[in-house]
1. With (1) at pLDDT 95 or above; (2) of a type in the set (D, E, K, R); (3) within 14 Å of the chain's Cα centre (by Cα) as the list, and B:GLU79 as the residue in question, which single condition is left unmet?
2. Given the structure, is B:GLY59 more than 10 Å from chain A (Cβ to nearest Cβ) and at positive phi?
3. Given the criteria open to solvent by 40 Å² or more (accessible area, probe 1.4 Å) and farther than 30 Å from B:GLY38 by Cβ, does A:ARG64 qualify?
4. I need every pair where a residue in segment B:91-108 that is within 8 Å of chain A (Cβ to nearest Cβ) and of a type in the set (Val, Ile, Thr) has its Cβ under 8 Å from the Cβ of a residue that is surrounded by fewer than 17 Cβ atoms within 10 Å (Cβ to Cβ) and part of a strand (DSSP E or B), sequence separation at least 6 or different chains.
5. Condition first: over 13 Å from A:GLU136 (Cβ atoms) and open to solvent by 20 Å² or more (accessible area, probe 1.4 Å). Now tell me which residues in segment A:67-76 satisfy that.
6. Taking only segment B:5-45 into account, find how many residues are in contact (Cβ under 8 Å) with a residue 12 or more places away in the chain, in a helix (DSSP H, G or I) and under 15 Å from the mean Cα position of the chain (by Cα).
7. Which numbered condition in (1) hydrophobic (A, V, I, L, M, F, W, C); (2) open to solvent by 30 Å² or more (accessible area, probe 1.4 Å); (3) more than 14 Å from every other protein chain (Cβ to nearest Cβ); (4) within 27 Å of B:LEU105 (Cα to Cα) is the only one that A:LEU187 fails?
8. Of everything in segment B:58-83 that's in a loop (DSSP other than H, G, I, E, B) and touching an Asp or Glu at 6+ places or on another chain (Cβ under 9 Å), which residue is surrounded by the fewest Cβ atoms within 10 Å (Cβ to Cβ)?
Amino acid sequence: MCDTCGCALPDHRHAPERDARSIEVLEGLKTHNDRLAHHNRTHFDAAGVLVVNLMSSPGAGKTRLLEATIEALGGRHRLAVIEGDLETENDARRIRAKGIPAVQITTGSACHLDAAMVHEALPALPLEALDLLFIENVGNLVCPASFDLGQHANVTLLSTPEGDDKPLKYPVMFRASDLVLVTKSDLLEVLDDFAVDAVAAHVRRLACPAPVLEVSARAGRLDGWLHWLEARLEERRRPRFHPVPSTGDGHLLSRPRGLA
Amino acid sequence: MHELGLCRSLVDQACRVAERHGATRIRRIRLRVGPLSGVEPALMQTAFPLAGRHTAAEGARLEMIPCSIRVHCPACGRESTAHANDLGCPHCGEWCTRLVAGDELLLESVGLATDTPAPDVQEAPHV
């Protein structure tokens, strides 16, 4: 074994340390991903589509929530879904069965989606003809939180059987949330050790102002979630200030005299 | 478990720095890792030799500088250290603090080796 780096290569040896120059870099490790995420967001903004990233542990009910959301909103808004899973096309098939375009990304062994994977999936979607695009991330409460995809909002699902202390156990994920949905709330009557208030209190301990809402796709209790989505869609429709690109012909009113 | 992927981009970044400075070997890579970065330093350390194989960073040392979590309280204006799952202000109890440090994942510096052996004093006397 090499004494310097600890690797198992039998013939690996290092020259004596002669650390000649130290170069200061100060660059984030996710710079490449962040750049691509920014690029994705530019695509989304140009097309005027709201993009929501859904994250949770496996089995918290992301796909079931999407099915119920499509049923409730499909008539009013143009929706599409990007599905992230390690394997199978099952989830995309479930979404397509509701008459909604869906792209499946199979990550193989990768435990999260990244901006490059989402970018590759975009040509398969009619972005210009969409109001709302959901990205269903790989079921995992750890890694997806660390990778920006270009979304406008992060929604984290926490299903009642998982326990109400999950925000304290997975602070990185819950801190990044813009909304926390307590799913399978129809089970609350049989689960005496889950308190929705406790989830909210734990999310506040992470200095996160995300609202905590109860939903049950099975019982059709989705009002808070649907209102939240409608409000975000409304927010995006509101006209915003876009600086007029300079035409260079000197006729802009804002140009000070003498500079034209 | 995304540490291997992050190590690969770390090695790419460091190798680009080495290339820009005309060095073929990297001796040391220094990284700042915050507890809220979502990265486990021990896993980074395991993944690093794998990611660095057959690159200029092969055999380099990965130094990770742990950073503490600091929050600023808009209510009392004070800055304090905090824990990953308790980011409230320890002074006044305000919950809605602003994270000042603790989520960084930053390539701080790269230590490059000189390609040619350091000149021996006798062979190359200083004039």
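1. Among (1) at pLDDT 95 or above; (2) of a type in the set (D, E, K, R); (3) within 14 Å of the chain's Cα centre (by Cα), B:GLU79 violates only (3).
2. So B:GLY59 does not fit the description; no.
3. So A:ARG64 does not fit the description; no.
4. Listed pairs, sorted by first residue: B:THR97/B:HIS72.
5. Of everything in segment A:67-76, those that are over 13 Å from A:GLU136 (Cβ atoms) and open to solvent by 20 Å² or more (accessible area, probe 1.4 Å) turn out to be A:GLU71, A:ALA72, A:GLY74, A:GLY75, A:ARG76.
6. 13
7. So the condition that A:LEU187 fails would be (4).
8. The selected residue is B:PRO74.
The values are calculated or read from the model by the stated rules, or taken from the named source; none is laboratory data. Source: prediction; values computed, not measured. When we count neighbours, we look across all protein chains shown, and the Cβ atoms used for this are built from the backbone with ideal geometry, even at glycine. Heads up: the accessible areas ignore ligands, DNA and RNA and are worked out on the full protein's heavy atoms, side chains in. Shrake-Rupley method; radii C 1.70, N 1.55, O 1.52, S 1.80 Å.
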